[in-house]
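*Asks:* Attaching a single structure in structure tokens format; questions to follow.
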Amino acid sequence: MKRGSVDLPGELDMDWHAAFRFAPLPREVECKQIEIVFEGSIKSLVASLIAMILIVGGILLISSTGTPMPGWAWISLAIWASLITAFSIRGILIVRRYLKIKPDLDSTRAWGRRLAINDGLVLGILWGSLGFVVMGLRSEHHVTFAIAALALVTMAGAGSKGPWRPIAVLFVISTTSVFSIALLVQSSANPILAAGFLLYAFTSLAFARQHQHVVRRIIDLNIENEHLLKTARESMLALEEAKMAADQANLAKSRFLAAVSHDLRQPMHAISLYLAYLRSIVSDEVARAAVDKVEGAAGAMEELLSVVLDLSKVSLGAVQPAEKVFDFRRMCEELDLQLAPPAAEKGLELAFSAEHIMLRTDPVLLERIVRNLLLNAIRYTNEGLVRVHATTHNGVAMIHIADTGVGIKLEERERVFEEFYQVNNPERDRTKGMGLGLAIVKQLCQVLGITIRLKSQLGKGTVVRLSVPGVAAPASGLGPDESAQECLPDCLSGATVLVIEDDPLVLDSMELVLASFGCHVLSSTNGAQALERIAAGERVPDIIISDYRLPNGETGIDAVHLVRHRLHESFDIEPMTPAVLITGNTSPEELAHAMHYKLPVLYKPVGGAALRRTLSSLIDAYRRELIS
């Protein structure tokens, strides 16, 4: 039989030389074998006690039907039974102690030696000494019974102790050798029996070795499985650590983008306001043309910063969808008005085919997704058309944006949604975009739970399908479009605006622009200075504009609360004076903070038109509330 193989019962081959050969075992394997022997020892020791009782009972039964036992035989049998009982109990105590403390690998061998001496050597000698007890009786019935009983005990011991061969060999050799000596010294006719019993011992040892091989194979498989599981756990841990590192790197990148864009938006904000003021005072055609060019360059920079802002907001989780029921067809009509001119400039047909689909999702984010896809389609289509088609199926809106453009290669279809990746733009031509539009589309789709699919054929065009959940029940009558902006009256002429801004450049440009709107401006760099301006009795502000980040850890929200509280105490102004925050930061904490206090937020850079529109809207709503 080959080492390490496992044979079925009945196919056992006896390797007599190997029965006594102890090949060195790996420490982990040997300790596992010892552990298995310990786990089964209590049962085997209890079985040993039961066997002892049965043997004593058998001897007494034979004596009662034949020749009575002499007094010395009774004493010998009692001493033998007592010793078997004592060392069996001692073995049980050793096993219980071992199982309680669960020793390490180094200590397990020492515990194994203790068990081998008690259960293998001492109990083996005691079981073999049964021969001296029965041989003195000169009864064939007693001898035959003892041989049969010891044969069963020897084989049972070899089996129960077989997982660790040293203890099995000790038990079998000590039992059979002592019993064989008893056979030899009692009668000249017993050498044949002694030889036969020793031969039986070899058979028991071969059985024990075979048992050990089976157990060894099981242990090897268990160890291999443990190693595989350990490797798998280490691999999973490494993957988790790599994922955490990637997430941390991505978060660090997003925070870096947010911080850099914040620092860049400060001067860009001032530039936008200065340009708005410059346009209001310049009348010369040549100067106006120069202003137009500067505004074009500033607009391109503002667009880049806005895209970076959007990307960092989504990456940082600062975008929270605001669900609303709206008509998608009206959104298409607005997009048609906005994007028809750039499509016409390239000679493209921009077509919309959409039913009156009532959607329940965030209209602002969905509009940004569709707009980015349309702009991308117009950018990469040189002739033909760009078409939007929308239908519903099982409560899901299917929005298709198709073009007859250049198409996308198969290997690039996944990469087009990566940040800063562009098809056919190795020279980074700014007129072809910045490679961030589709990255924002992908992340906004994840925010809204929209499934996006892309099909493309090189040279023939591309189709992007959006599966938008949340189709609402159609309304009986379509009311006015809530998203359409009302024509606001010019509420700024003569209005007093309190500006809280610590950046001198931004504050100066804000004063100039607000003055061009016809506003009276109260300037301050923090909340305390704002209170001083109000206390000086110059004017009572109609609206408050505050930067979010102010000196000494103060926030725009703190400053607004401070000013509103003073206005309420001093002038009994109710309702609260309208306020707007202007910030260049995109952290979720700041956005959530502003949303909690229901303060509108404008993100730098803010152009003159956007600033005018926002202030007019807030002051108009405030005055309406005062009248009502």
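*Asks:* Among the residues of region 98-119 satisfying the criterion of being surrounded by fewer than 20 Cβ atoms within 10 Å (Cβ to Cβ) and charged (D, E, K, R), which is farthest from residue 46 (Cα to Cα)?
*Replies:* Within region 98-119, the match that is farthest from residue 46 (Cα to Cα) is 106.
*Asks:* Would you check if residue 612 is under 20 Å from residue 491 (Cβ atoms), in a loop (DSSP other than H, G, I, E, B), in contact (Cβ under 8 Å) with a residue 24 or more places away in the chain and open to solvent by 70 Å² or more (accessible area, probe 1.4 Å)?
*Replies:* When the stated conditions are applied, residue 612 does not pass them.
*Asks:* I need the strands (runs of 3 or more DSSP E) fully contained in region 449-564, keeping only those with at least 2 residues that are modelled with pLDDT of 90 or more, open to solvent by less than 50 Å² (accessible area, probe 1.4 Å) and over 29 Å from residue 375 (Cα atoms). Walk me through how you get there before you give the answer.
*Replies:* Numbers: elements: 451-457, 461-469, 496-500, 520-524, 543-547.
Answer list for region 449-564: 496-500, 520-524, 543-547.
*Asks:* Any residue in region 113-135 that is in a helix (DSSP H, G or I), of a type in the set (S, T, N, Q) and more than 20 Å from residue 57 (Cβ to Cβ)?
*Replies:* Checked region 113-135: at least one residue is in a helix (DSSP H, G or I), of a type in the set (S, T, N, Q) and more than 20 Å from residue 57 (Cβ to Cβ).
*Asks:* Let me ask something else about it. Identify, please: which residue in region 291-323 is at pLDDT 75 or above and either outside any helix (DSSP H, G or I) or hydroxyl-bearing (Ser, Thr, Tyr) (or both) and is, among those, surrounded by the fewest Cβ atoms within 10 Å (Cβ to Cβ)?
*Replies:* In this case the residue turns out to be 323.
*Asks:* Sticking with this structure for a sec: Is at least one residue of region 276-290 open to solvent by less than 90 Å² (accessible area, probe 1.4 Å), aromatic (Phe, Trp, Tyr), modelled with pLDDT of 65 or more and part of a helix (DSSP H, G or I)? Walk me through it before giving the result.
*Replies:* Of all residues in region 276-290, those open to solvent by less than 90 Å² (accessible area, probe 1.4 Å) come to 276-280, 282, 284, 287-290.
With the extra rule that they be aromatic (Phe, Trp, Tyr), the set shrinks to 277.
From what's left, modelled with pLDDT of 65 or more: 277.
Filter once more, keeping what is part of a helix (DSSP H, G or I): 277.
Checked against the condition, which is being open to solvent by less than 90 Å² (accessible area, probe 1.4 Å), aromatic (Phe, Trp, Tyr), modelled with pLDDT of 65 or more and part of a helix (DSSP H, G or I), region 276-290 yields at least one hit.
*Asks:* Within the bounds of region 158-171, is there any residue that is in contact with a helix residue (DSSP H, G or I) (Cβ under 8 Å, 6 or more places away or on another chain), of a type in the set (Ser, Thr, Tyr) and part of a helix (DSSP H, G or I)?
*Replies:* Looking through region 158-171, at least one residue is in contact with a helix residue (DSSP H, G or I) (Cβ under 8 Å, 6 or more places away or on another chain), of a type in the set (Ser, Thr, Tyr) and part of a helix (DSSP H, G or I).
*Asks:* Among the residues of region 138-157, which ones are small (Gly, Ala, Ser) and not in a helix (DSSP H, G or I)?
*Replies:* Within region 138-157, 139 is the sole residue that qualifies.
*Asks:* Further question on the same structure: Of the residues 355, 427, 419, which is at pLDDT below 85, among the acidic types (Asp, Glu) and under 28 Å from residue 471 (Cβ atoms)? It would help to see each step written out before you state the result.
*Replies:* Details: 427 fails: under 28 Å from residue 471 (Cβ atoms); 419 fails: under 28 Å from residue 471 (Cβ atoms).
Matching residue, one of 355, 427, 419: 355.
The values are calculated or read from the model by the stated rules, or taken from the named source; none is laboratory data. These numbers come from a predicted model, not from an experiment. All Cβ positions, even for glycine, are placed from backbone atoms using ideal geometry, and neighbour counts span all protein chains on display. We work out accessible area using only protein heavy atoms, side chains counted, and drop any ligands, DNA or RNA first. Shrake-Rupley method; radii C 1.70, N 1.55, O 1.52, S 1.80 Å.
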